[in-house]
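Heads up, the thing below is written out as structure tokens.
Every number in this text was worked out from the coordinates using simple rules, so none of it is lab data. Everything quoted here is computed from the prediction, not taken from an experiment. When we count neighbours, we look across all protein chains shown, and the Cβ atoms used for this are built from the backbone with ideal geometry, even at glycine.
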Amino acid sequence: MKIAVTGSTGQLGQIVVEQLKKRVPAENIVALARDIEKASVLGVEVREFDYNKAENLAGSLKGIDHLLLISGTDFGSRVEQHTNVVNAAKKAGVKWIVYTSLLRSETTSLNLAPEHIATEKVLKESGMAYTLLRHGWYSENYTASIPGALSGGAFLGSAKEGKISSAARADYAEAAAIILCDETHKGKTYELAGDEAYTLSGLAEEITKQSGKNIPYNDIPEQEYANILKNIGLPEVFADALANWDVSASKGDLFDESQQLSKLLGRPTTTIAESVKLALA
Ligand SMILES: NC(=O)c1ccc[n+]([C@@H]2O[C@H](COP(=O)([O-])OP(=O)(O)OC[C@H]3O[C@@H](n4cnc5c(N)ncnc54)[C@H](OP(=O)(O)O)[C@@H]3O)[C@@H](O)[C@H]2O)c1
């Protein structure tokens, strides 16, 4: 049985490969990457795999039984890219695709949803066996702002008092590895998020507690937040997206209390306090 992981050079994909190595022999794992040099450190077979090179994908999937399709990063092109992968998997005889989608993709206000819904539809219509891992927010999305908050003296955002049930990227990666090794998860859809919810004020309090520096949370209007992000050098599209995602957070779109992720893991998810500690280390 061979398991392949797309986006294996990414932050999530690397941990999935590590976690798979704990569960199956390394020779049963294939790292799919557009940059094979970058993937060579993973200690498993590497095959070239660029979502945009539709004609090459089926060849790279030869002999693969289970495939983890990690959603791409080219917003606006992802439906076409993911469709290329699904079509190639079908052609190559892959038996099962596990896809990293978005928490409550069908009802969330997050502007990331349409591409995920469209990919889910492609999977459903492919006739292949599939499993949807609908990911909530990665805690690192927020902890990445800690250095900026410490130097600027405040944590900024537009999420108001919206509750956020994030989990560490490593939690989502471990769950993916668990699922890929167990065919009883075929056909299932999981809404995955952290066990404990927090607000950005709560996160700022945690940063204050752990850093010893007073970091208040300043909630500001979406456009003002986007402009600040642009002024510190973020690309316009990304700055606008980050501010807009906070507005969705304020509406509760990052909140979830189903605890499906910890049930899959068989342990609690990583708390935001632990993620803050890691970010400060
Ligand atoms: N729920 C959340 O909070 C959240 C947060 C961040 C990301 N995400 C989603 O989850 C995915 C994984 O997250 P991550 O943190 O691992 O992101 P990441 O570190 O940016 O990794 C993205 C991976 O996708 C690969 N990739 C991008 N375009 C590709 C293409 N055309 N063909 C083949 N591979 C391609 C990258 O390859 P290279 O190494 O060659 O660049 C990399 O391996 C992201 O792609 C995004 O869709 C979700």
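Just how large is the dipole of segment 3-135 about the Cα centre, in debye to the nearest 20, putting +1 at every Lys and Arg Cβ and -1 at every Asp and Glu Cβ?
Result for segment 3-135 is approximately 340 debye, rounded to the nearest 20.
Could you tell me the distance between the Cα centroids of segment 179-257 and segment 127-163, to the nearest Å?
3 Å
What is the chain by shape, rounded, prolate or oblate, if you read a ≥ b ≥ c off the alpha carbon gyration tensor as root eigenvalues and call it rounded for a/c under 1.5, prolate for a/b larger than b/c, and oblate otherwise?
prolate
Just want the ordering: T6, T208, from fewest to most Cβ atoms lying within 10 Å of their own Cβ.
Ranking T6, T208 by Cβ neighbours within 10 Å, fewest first, gives T208, T6.
By Kyte-Doolittle mean hydropathy of at least -0.5 and Cα axial length of at least 15 Å, which whole DSSP H helices of the chain are selected?
Qualifying helices: 11-21, 169-180, 200-211, 236-250.
Relative contact order for the chain: what percent, with Cα pairs under 8 Å and sequence separation of 6 or more?
In percent, rounded to a whole number, it is 18.
Within a 10 angstrom radius of the beta carbon, how do L156, L278, L102 rank from fewest other beta carbons to most?
By the 10 Å Cβ count, ascending, the order reads L278, L156, L102.
Could you work out the helix-only [θ] at 222 nm for the chain, with each DSSP H run of four or more residues adding -39,500 (n - 2.57) and the total divided by the number of residues, to the nearest 500 deg cm²/dmol?
-13000 deg cm²/dmol
Within segment 16-110, list the GluC sites (Glu not before Pro) lying in a DSSP loop whose Cβ has at most 14 other Cβ atoms in a 10 Å radius.
Those that pass, being in a loop and sparsely packed, are E106.
What GluC sites (Glu not before Pro) in segment 217-281 are in a loop by DSSP, with at most 15 other Cβ atoms within 10 Å of the Cβ?
Within segment 217-281, the qualifying GluC sites (Glu not before Pro) (loop, at most 15 other Cβ atoms within 10 Å) are E257.
Kindly put V16, V94, V46 in sequence by how many other C-beta atoms sit within 10 Å of each C-beta, fewest to most.
In increasing order of surrounding Cβ atoms, one gets V46, V94, V16.
How big is the charge dipole of segment 93-158 about its Cα centre, in debye rounded to the nearest 20, if each Lys and Arg gets +1 on its Cβ and each Asp and Glu gets -1 on its Cβ?
Here segment 93-158 has a charge dipole of around 160 debye.
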